[in-house]
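First comes the structure, then the notes that go with it.
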Amino acid sequence: MISRYSRPEMIAIWQPAAKFRIWFEIEAHACDAMADIGIIPRKNAEAIWKARDVEFDVKRIDEIEAITKHDVIAFLTHLAEIVGSDEARFVHQGMTSSDVLDTCFNIQLTRATDILLDDMKNLLAALKRRAFEHKMTARIGRSHGIHAEPTTMGLAFARFYAEMERNQRRLQTARREIATGAISGAVGTFANIDPHVEEHVCKKLGLIPEPVSSQIIPRDRHAAFFAALGVIASSIENIAIEIRHMQRTEVLEAEEYFSTGQKGSSAMPHKRNPVLTENLTGLARLVRMAVIPAMENVALWHERDISHSSVERNIGPDATATLDFALARLTQVVDKLLVYPDNMLANMNRFRGLMMSQRVLLALTQAGVSREDAYKLVQRNAMKVWEAGKDFKSELLADPDVTSALSIEEIEKKFDLEYHTKHVDTIFKRVFSNDMAADTE
């Protein structure tokens, strides 16, 4: 998690001071719950809240940990220094370190997810706006990187919108998956702490109690969470790759906004490179890098070990901060993307009607020509376009085998571009129907 690829609001969640504040709230709410059921004196529970407005001394905690070699004990020692040793003697009673660490980690992940969900909302708004803006902007569709049939730029944006809307639902599911807490004590049996304490702490901190914890919260939850982040990262790359291809000089159907004073190359002053989307491809790799370690964290020894700990201390901050940055950057790219409809038309017409080959093929079969023969007729004329730069429609009109089956008027009709956009409204209704209904409410 480096400052170049992270934003302040997300970084703040993972700062030591924020972590220690959550630890304090867990311990203080646990003391309240224990006082409620008469396990500890009420005055001791109330005394802990003396630290409510205190800024914990991270450096001091680190000094203690250097001796104790235990982060939670170091924090508890520092807390006792603040509120007094006698007042703090019931803190952490019946609890184990994982109760604090795991509950805190899940709180941090849910708070991080709330930021990511806001990011998704902004990205979806940008994609929707551009989709309607270019709903009927014709461009050539490509398969294998080769011209296929006409489509529209609006459909490309709509496709990405639908994909990101699915990701939004995945992220909402991932948040519910991870929003659990555990205050169940050593090996998770509640032997030394009442389940009421867990219920109270979770309610206060916006979590639900983990149904059964061994001493830790089961890591299949975290595996599913980071897997969802990985899918979102792949979708970011999917959009970034499309923009990078469209910005290639020989295509130039769209390009990233190039600001005044921006430089594209240290050596070649003419360059306008797709640096933001290339960066997004790299950031997507970093987010996905967290997925396999998160899955490998699921299998732990018996009731717990700490082989997962070092992994999570890294992937928690890094994956969420990187994805937050990437979503914000992609929103900016989509919002400011320069689209060139004239270039799209020029590219579409570069191969002189070749994109209509399927329409001619189907027309021939409907006119009584076998599919095999129809394919041969269309392909032999299409190859003249590829190999000699001929005009596809002209070649068809000059082919007696074609004109014996289709009239000149019938052939002409097969080159109507609007034929390929007649169902765009239907697709848009499928993608945006719920959204448009919400807009009118």
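The values are calculated or read from the model by the stated rules, or taken from the named source; none is laboratory data. Since this is a predicted model, take the numbers as computed values, not measurements. Note: ideal-geometry Cβ built from the backbone for every residue, glycine included; neighbour counts use all protein chains shown. These area figures cover heavy atoms from the full protein model, side chains too; ligands, DNA and RNA do not enter into them. Shrake-Rupley method; radii C 1.70, N 1.55, O 1.52, S 1.80 Å.
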Of the residues in the range 277-300, those that are open to solvent by 40 Å² or more (accessible area, probe 1.4 Å) and either part of a helix (DSSP H, G or I) or among the hydroxyl-bearing types (S, T, Y) (or both) come to E278, R285, L286, R288, I292, M295, E296
Notebook entry, point to check: Regarding M10, is this residue more than 30 Å from L286 (Cβ to Cβ) and surrounded by 21 or more Cβ atoms within 10 Å (Cβ to Cβ)?
Noted result: no
Here the residues within the range 229-243 that are open to solvent by less than 40 Å² (accessible area, probe 1.4 Å) and without any contact (Cβ under 8 Å) to a residue 60 or more places away in the chain are E237
From the option list D305, D335, D324, D318, single residue qualifying as crowded, with 21+ Cβ neighbours inside 10 Å, at negative phi and either out of contact with any helix residue (DSSP H, G or I) (no Cβ under 8 Å at 6 or more places or on another chain) or charged (D, E, K, R) (or both) is D324
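Rundown of residues vs (1) assigned to a loop (DSSP other than H, G, I, E, B); (2) touching a Leu at 6+ places or on another chain (Cβ under 7 Å); (3) under 30 Å from D324 (Cβ atoms), yes/no style:
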position: A12; (1), (2), (3): no, no, yes
position: A18; (1), (2), (3): no, no, yes
position: R21; (1), (2), (3): no, no, yes
position: N44; (1), (2), (3): no, no, no
position: A47; (1), (2), (3): no, no, no
position: R60; (1), (2), (3): no, no, no
position: E65; (1), (2), (3): no, no, yes
position: L79; (1), (2), (3): no, no, no
position: F90; (1), (2), (3): yes, no, no
Counting only helices (runs of 4 or more DSSP H) entirely within the range 331-430, those with at least 2 residues that are closer than 20 Å to A131 by Cα and modelled with pLDDT of 95 or more are 341-348
Residue hits (the range 109-144; open to solvent by 30 Å² or more (accessible area, probe 1.4 Å) and charged (D, E, K, R)) are R111, D114, D118, K121, K128, R129, E133, K135, R142
Report task. Evaluate the range 160-182: report whether one residue or more is touching a helix residue (DSSP H, G or I) at 6+ places or on another chain (Cβ under 8 Å), not hydrophobic (A, V, I, L, M, F, W, C) and not in a helix (DSSP H, G or I). Result -> yes
Restricted to the range 93-107 and to residues being in contact with a helix residue (DSSP H, G or I) (Cβ under 6 Å, 6 or more places away or on another chain) and under 16 Å from T68 (Cβ atoms), the residue least open to solvent (accessible area, probe 1.4 Å) is V100
If we ask which residues in the range 160-200 are open to solvent by 50 Å² or more (accessible area, probe 1.4 Å) and of a type outside the set (G, A, S), their number turns out to be 16
The residue from I39, I67, I48 that alone is within 20 Å of Q93 (Cα to Cα), surrounded by fewer than 20 Cβ atoms within 10 Å (Cβ to Cβ) and over 38 Å from the mean Cα position of the chain (by Cα) is I39
